[in-house]
1. Can you tell me which residues in the stretch 1-31 are under 13 Å from residue 54 (Cα atoms) and assigned to a helix (DSSP H, G or I)?
2. Quick test of your reading of the structure: residue 88 fulfils all but one of (1) within 14 Å of the chain's Cα centre (by Cα); (2) buried (at least 19 other Cβ atoms within 10 Å of the Cβ); (3) more than 27 Å from residue 16 (Cβ to Cβ). Name the failing condition by number.
3. Take the residues in the stretch 42-83 that are hydroxyl-bearing (Ser, Thr, Tyr) and at pLDDT 95 or above, then tell me which one is surrounded by the fewest Cβ atoms within 10 Å (Cβ to Cβ).
4. Inside the stretch 3-27, can you point out the residues that are more than 14 Å from residue 97 (Cβ to Cβ) and either in contact with a helix residue (DSSP H, G or I) (Cβ under 7 Å, 6 or more places away or on another chain) or in contact (Cβ under 8 Å) with a residue 12 or more places away in the chain (or both)?
5. Quick one: would you say residue 65 is within 19 Å of residue 115 (Cβ to Cβ) and touching a Leu at 6+ places or on another chain (Cβ under 8 Å)?
6. Are any of the residues in the stretch 106-114 at pLDDT 95 or above, surrounded by 14 or more Cβ atoms within 10 Å (Cβ to Cβ) and within 16 Å of residue 5 (Cα to Cα)?
7. Just to confirm my filter: which strands (runs of 3 or more DSSP E) fall fully inside the stretch 53-120 and include at least 2 residues that are β-branched (Val, Ile, Thr) and touching a residue at least 24 places away in the same chain (Cβ under 8 Å)?
8. Which one of the conditions (1) surrounded by fewer than 14 Cβ atoms within 10 Å (Cβ to Cβ); (2) touching a Leu at 6+ places or on another chain (Cβ under 6 Å); (3) within 23 Å of residue 85 (Cβ to Cβ) does residue 29 fail to meet, given that it meets all the rest?
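The values are calculated or read from the model by the stated rules, or taken from the named source; none is laboratory data. Just so we're clear, the structure is a prediction, and the values are computed from it rather than from any experiment. With ideal geometry, Cβ positions are generated from the backbone for all residues, glycine too; neighbour counts draw on all protein chains shown.
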Amino acid sequence: MGNEVFDAFDEGRFEVPGKTIGFSDIPWSKHPTFQGVELKHIVKGEETGGAYSFHMVRIAPNCSILDHIHDPQLETHEVIAGYGTCINDGKEIEYVPGVISIMPAKVHHEVHAGEEGLFLFAKFMPALC
């Protein structure tokens, strides 16, 4: 599963003063619960004192991250490529490139990839992992 724009991000980097994290140096890991979902943990809570974590997410065509909540994390999604939908607090949001969605702590949400799959950045405050 590939997409030109997402592939460019997959070869990108995270820059902070005095540190560069090359995305290509970080392995993909399968989501422990949702089939067809893979994560790349760009910045973990251990690097931010637990303040935030930053992840790339790729969801295979027609796969889903089913209904769940995070407590105490606020989560954001930034859609990079592909198409799908997010059910955020009971409301459906079309996920297309350029869409940003915010899920406050304890708010039910789910994400469903379309025929092309779905590629996004997910950020958690405080850190998820």
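1. 23
2. That leaves (1) as the condition not met.
3. By that ranking, first place goes to 76.
4. If the condition is that a residue be more than 14 Å from residue 97 (Cβ to Cβ) and either in contact with a helix residue (DSSP H, G or I) (Cβ under 7 Å, 6 or more places away or on another chain) or in contact (Cβ under 8 Å) with a residue 12 or more places away in the chain (or both), then 10, 11, 12, 13, 14, 21, 23, 24, 26, 27 are the ones that fit.
5. no
6. So far as the stretch 106-114 goes, no, none of its residues is at pLDDT 95 or above, surrounded by 14 or more Cβ atoms within 10 Å (Cβ to Cβ) and within 16 Å of residue 5 (Cα to Cα).
7. So the answer is 53-59, 74-88, 100-103.
8. (3)
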